[in-house]
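The values are calculated or read from the model by the stated rules, or taken from the named source; none is laboratory data. Since the model is a prediction, treat every value here as computed from it, not as a measurement. Counting neighbours? That spans all protein chains shown, and the Cβs are built from the backbone with ideal geometry, glycine included. With ligands, DNA and RNA removed, areas are computed over all heavy atoms of the protein, side chains included. Shrake-Rupley method; radii C 1.70, N 1.55, O 1.52, S 1.80 Å.
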Amino acid sequence: EHFKPQVYFLCNDDGSIAVDFVGRFENLGTDWATVIKRIGIHNRLPHLRKSKIKDRHYATYYSKESRDVVADIYQQDIQTFKYTFDA
């Protein structure tokens, strides 16, 4: 269950995105602001357990081996949501 691509939850059977907005974790602050504005609330999103590691592009966390595994399992997500492993 954990390894299901997000397209399983967010897309119709024809592959089209079935929701009107898809937020991205790497844009969490900005995307959260979009969500609360659309639904008319003013809640802040708490930032708990913040890492002491400087913000880096997500691709820098992958080794060649882990990249290949992720690319295989999440191929549909990578294509649909236009992700790359380029930092």
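Loop-resident trypsin sites (Lys or Arg not before Pro) (DSSP state other than H, G, I, E or B) in region 25-57 with no more than 15 further Cβ atoms inside 10 Å of their Cβ: ARG44, ARG49, LYS50, LYS52, LYS54, ARG56. Counting only protein heavy atoms and a 1.4 Å probe, the chain has 89 square angstrom of accessible area per residue.
Ordered from highest to lowest accessible area with the whole protein assembly present and a 1.4 Å probe, ASP31, ASP55 read as ASP55, ASP31. All other residues whose Cβ lies under 14 angstrom from that of ARG38 are scored, Lys and Arg at +1 and Asp and Glu at -1, for a net of -1. For the chain, how big is the tail of P(r) above 17 Å, as a whole percent of Cα pairs? Cα-Cα pairs in the chain separated by more than 17 Å: 62 percent.
Taking other residues whose beta carbon is less than 15 angstrom from the beta carbon of PHE21, and scoring Lys, Arg as +1 and Asp, Glu as -1, yields +1.
Normalised by the number of residues in the chain, the average gap of Cα pairs under 8 Å and 6 or more apart makes the relative contact order 34 percent. Taking only protein heavy atoms and a 1.4 Å probe, the accessible area of the chain is 53% carbon and sulfur.
Based solely on its DSSP helices, what 222 nm [θ] is calculated for the chain when runs of n ≥ 4 H residues each add -39,500 (n - 2.57) and the sum is averaged over all residues, nearest 500 deg cm²/dmol?
So the calculated ellipticity at 222 nm is -10000 deg cm²/dmol.
Taking amide H as placed 1.01 Å from N in the peptide plane, the amide H of ALA18 sits under 5 Å from that of CYS11, ASN12, each at least 5 places away or on another chain.
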